[in-house]
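K.L.:
Can you keep this structure in mind? I'll have questions shortly.
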Amino acid sequence: MMAAFVLGVLSSILATMILVLVGWVRSSRPRWWLVALLARLTGTGVRRVYHRQESAEKDLAEELTQACWVGVLTGRGNTLTRDVFAPLWSKTTGRVESVQILLPDPDAVPGEWLTLRAAELEPIDPGITTDLLRDQIRANTSYLASVAKSREEVELRRFDLPHLYRVVATDRAAYITFYDRRKHGRHSPCLYVRAPGVLYEAALHFFTITWAGSRPVPPAQDLDPQEQNR
């Protein structure tokens, strides 16, 4: 009887401990802590994993306030005109010395990458067309060209490559979004990686090489009138 009683108590204690442990692991902070520990052991530099890019916006906004320089390679660039990046354009970050922005070239010939991306998104968003993507990129380019006109530390260029990633890199870390073929960028998974680390260096290398092969966007006053008014 006593043995059965002791076993029953031990089983209850063990079950309680398991439930507490499961709840602890499922909460966000411990999970990030475990990811950070594995990153340190493997050298990858991964600190956080976001199932959706939009879930990283609050943390990204905080990262931008601490950065000395920022490099952005993105798809349409819609996020660049919203609250997350607004402090960079309004001179309220206080520290940033350089901002380099890479947007797709909407006038590239033959422009197959924009066509391919539109075809990938069409099943989940029938309103997406190649022409719409071009128009959105032109509008965001025009907005950022106007920003660059009054901010000498902001430089804007165009690239012509497949739409596979969004990279937001700083001197401290990088946010890497892996564009899902059937999801908008904001719904695609995103990694937060710290420097130094294998993935941070890879993201920075990718950005640097793309920047070197890109072409400058003309000043706002030199853009085509149709592009400015879109």
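The values are calculated or read from the model by the stated rules, or taken from the named source; none is laboratory data. Keep in mind the model is a prediction, meaning the values are calculated, not measured. We place every Cβ from the backbone using ideal geometry, glycine too, and count neighbours over all the protein chains shown. We work out accessible area using only protein heavy atoms, side chains counted, and drop any ligands, DNA or RNA first. Shrake-Rupley method; radii C 1.70, N 1.55, O 1.52, S 1.80 Å.
K.L.:
Looking at ILE176, ILE101, can you tell me which residue is open to solvent by less than 50 Å² (accessible area, probe 1.4 Å), in contact with an Asp or Glu (Cβ under 8 Å, 6 or more places away or on another chain) and not in a helix (DSSP H, G or I)?
P.N.:
Numbers: ILE176 fails: in contact with an Asp or Glu (Cβ under 8 Å, 6 or more places away or on another chain).
Just a single option satisfies the conditions, and that option is ILE101.
K.L.:
For ASP171, all conditions in the list (1) over 18 Å from LEU102 (Cβ atoms); (2) open to solvent by 40 Å² or more (accessible area, probe 1.4 Å) hold save one; what is the number of the exception?
P.N.:
Answer for ASP171: the failing condition is (1).
K.L.:
Starting from region 149-170, keep only residues that are more than 17 Å from ALA212 (Cα to Cα), then list their pairs with residues that are assigned to a loop (DSSP other than H, G, I, E, B) and of a type in the set (D, E, K, R) whose Cβ atoms are within a distance under 7 Å, requiring at least 6 positions of separation or different chains.
P.N.:
The qualifying pairs are GLU153/GLU97.
K.L.:
Can I ask one more? Mind counting the residues in region 99-134 that are over 16 Å from PHE159 (Cα atoms) and touching a Lys or Arg at 6+ places or on another chain (Cβ under 6 Å)?
P.N.:
2
K.L.:
Among the residues of region 62-96, which ones are out of contact with any Phe, Trp or Tyr (no Cβ under 8 Å at 6 or more places or on another chain), in a helix (DSSP H, G or I) and open to solvent by 10 Å² or more (accessible area, probe 1.4 Å)?
P.N.:
Residues satisfying the conditions are GLU62, THR65, GLN66, ASN78, ALA86, PRO87, TRP89.
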